[in-house]
Amino acid sequence: MKGVSAIIATILMLVITIGLAGTAYVYISGMMTGKTAYTISVIDYSCSLCVPPQVCTRNIELTVSNDGTANIASAGITIFVDNQDQSGTFGAYAGGVWGAGNKDIASHTTKPILLNPGVATPAWLTAGTHNILVTTASNAQRVSIQCP
């Protein structure tokens with residue numbers, strides 16, 4: 001009884017290798033897409049005393065860029081100020097119109113997110129340095145803001 005010929009053995013090993021490489025590629029590409037779908041960058045931030053034409057109040061403004069491949073809904077962004085979840089007090093401008101609580105950011109776009117300027121300054125936003133952490137499912141960005 002003879003063994004498998006060298007040509008058939010080579011073909012079998014080649015098919016198995018291609019199958020394993022294809023399986024690994026599909027698995028890894030799916031994982032990488034999921035992890036980078038909701039990636040943000042805080043590209044600008046400030047704390048001011050007035051937001052014209054509103055009443056002069058202390059206000060934090062963050063400009064967030066969605067660098068991911070999927071839209072981020074308002075529930076997908078969490079904003080911590082000094083380790084306290086303050087997401088509910090932030091909203092966003094949509095085309096220059098204030099939309100309270102609207103932090104939706106389309107993929108590959110930039111949007112300012114800020115405290116609602118129509119209300120009084122919250123008691124937690126005092127003068128001094130504040131640590132801001134903006135998080136999504138894929139990543140987090142931390143900045144320190146000096147408020148006057």
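Read-outs: derived from the displayed coordinates by stated rules, not from any lab. The structure displayed is predicted, hence computed values, not measured ones. Positions of Cβ are generated from backbone atoms using ideal geometry, with glycine treated the same way; all protein chains shown enter the neighbour counts.
Points worth noting:
- Separation of the Ser48 and Ile28 label points, Cα + 7 Å toward Cβ, nm: 4.7
- Straightening the chain between Thr129 and Ile11 buys 35.9 nm, computed as 0.36 nm per residue apart minus the Cα-Cα spacing.
- Under 14 Å from the Ala140 label point (7 Å along Cα→beta-carbon), backbone N, region 66-84: 77-84
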